[in-house]
Amino acid sequence: MSPLCKWAMESGLITGVSMACFRLCGAAMLFWLVSPLAPRQRIDAADWKHLVIMSLCGMGINQFCYVLGVQYTSPTNACVITTSTPVFTFALSALFLHAAVTARKVGGLALAAVGALVLILGSQMQGGRSGNPLGDAICLFSQFSASCYFVFFSGVIKKYHPVVLMRWLFLISAVLTCPFWLQELCTLPWNLLGMPEILGSAYVVFFGSFVSYLLMIVGQRHLEPATVAAYNYIQPVIAATVGILLGVDALSWQKVVAVLCIAAGVWSISRKSA
């Protein structure tokens, strides 16, 4: 999503705030459109407060800050910063959920982190576009917010059908963040948008928000929070691959080493103990 998100915003017609609006409102609309296919479930009164916090951590703050950060930093840096999510999630799980801290998990986490660092440092050595401290910080905060979502709400996630939960979470987050993007949306020059803006935004909304969050919450119902977050290590690999295919990045030995480290690290974290 990061390279295509950056591609859509390259002209300056679509800002990070506008893209965040597209993600939240677009995904909300899609989840409500498919909601008749899901079983009917009523949200318990006691869970509404949890849904509000979940919508802010997992969608509102997370998505809003991430696309805003991408506007200022490079796509590669934004993707590499997403690898901080497993670290935050692992620490929060151990601290608050008393999750087991094993040598295998710590080793896998460290190995994948090394792969991510090799990837970004290799890109910078080859003259790739560097990041921006402000953009990097905003992206980092978005990942901490996502970690809170992974760790503290597993009970609610397992209680409701994924589509039922997602339709409410995205709707709530869209409403709560409305004051931040409403004026931006009203002043957007819709008539000037070209194919890069339209196709890039459509991809971000459908695949980067609707499909990915639907699949992610299914995974959350079966895996530990730290394991779900560990798959964020794959994002820099995808971003680098897309960059190579689009001709804006080049294949190097650093990228090959990084991919192998990340793959081995995620496998180590994900596999079940014998």
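Values in this text are rule-based calculations from the coordinates and carry no lab data. The shown structure was predicted, so the numbers you read here are calculated from the model rather than taken from an experiment. Note that we place each Cβ from the backbone using ideal geometry, even for glycine, and neighbour counts take in every protein chain shown.
Highest first, please rank the peptides 172-180, 84-92 by the mean number of other Cβ atoms sitting within 10 Å of their residues. Present the calculation step by step, with values, prior to reporting the outcome.
Numbers: 172-180: 17.8, 84-92: 22.7.
Top of the packing list down: 84-92, 172-180.
Close amide H contacts of residue 99 (hydrogens built in the peptide plane, cut-off under 5 Å, sequence separation of 5 or more or a different chain): 94.
Only aspartates and glutamates eight or more places from residue 159 in sequence, or on another chain, were considered; those with a Cα closer than 14 Å are 44, 47.
Which of 158, 105 comes first, and how do the rest follow, when ranked by fewest Cβ neighbours within 10 Å?
Working: 158 12, 105 23.
If I rank by nearby Cβ atoms, fewest first, I get 158, 105.
Say R0 is 22 Å: what FRET efficiency, to the nearest 0.05, do residue 207 and residue 33 get from their beta-carbon distance? Before the final figure, lay out each step's value.
Details: r = 16 Å, r/R0 = 0.72.
That pair, residue 207 with residue 33, gives E of 0.90.
Our coupling estimate for region 61-74, obtained by passing each phi through the Karplus curve with A = 6.51, B = -1.76, C = 1.60 and θ = phi - 60°, is 5, 4, 6, 4, 5, 5, 5, 5, x, 4, 4, 9, 10, 7 Hz, Gly and Pro reported as x.
Taking other Cβ within 10 Å of each residue's Cβ, how do 170, 207, 152 sort, fewest first? Please list the in-between numbers first.
Details: 170 28, 207 12, 152 18.
The fewest-first ordering by Cβ neighbours comes to 207, 152, 170.
Taking other C-beta atoms within 10 Å as the exposure proxy, 9, 166 rank 9, 166 from fewest upward. Gain on full extension, evaluated as 0.36 nm per residue between residue 186 and residue 245 minus their Cα-Cα distance, stands at 17.7 nm.
Just so you know, the Rg over Rh for region 28-67 is 1.06, from Cα atoms, with Rh as the Kirkwood radius.
If N is the number of residues in region 1-88, what value comes out of its Cα radius of gyration divided by 2.2 N^0.38 Å? Please list the in-between numbers first.
On the way: Rg = 15.7 Å, N = 88, 2.2 N^0.38 = 12.1 Å.
With N residues counted in region 1-88, Rg over 2.2 N^0.38 Å equals 1.30.
Using θ = phi - 60° in the Karplus curve 6.51 cos²θ - 1.76 cosθ + 1.60, the 3J(HN,Hα) couplings for region 155-163 round to x, 5, 4, 7, 7, 10, 5, x, 5 Hz; x is entered for Gly and Pro.
Taking each residue as 0.36 nm, the span from residue 267 to residue 101 lengthens on full extension beyond its C-alpha to C-alpha distance by 58.1 nm. In debye to the nearest 20, how big a dipole does region 2-103 give about its Cα centre with +1 on each Lys and Arg Cβ and -1 on each Asp and Glu Cβ? In debye, rounded to 20, region 2-103 gives about 140.
In sequence order, region 40-47 has phi-based couplings of 6, 9, 9, 7, 4, 4, 5, 8 Hz under the Karplus curve 6.51 cos²θ - 1.76 cosθ + 1.60, θ = phi - 60°, and Gly or Pro positions carry x.
For region 43-114, what class follows from the C-alpha gyration tensor (a ≥ b ≥ c being the square roots of its eigenvalues): rounded when a/c is under 1.5, otherwise prolate if a/b is larger than b/c, else oblate? The partial results should precede the final answer.
Values: a/c = 4.15, a/b = 1.10, b/c = 3.77.
It comes out oblate by the Cα gyration axes.
If you take the square roots of the eigenvalues of the alpha-carbon gyration tensor of region 148-244 and sort them as a ≥ b ≥ c, do you get rounded (a/c under 1.5), prolate (a/b over b/c) or oblate? In terms of gyration-tensor shape, oblate.
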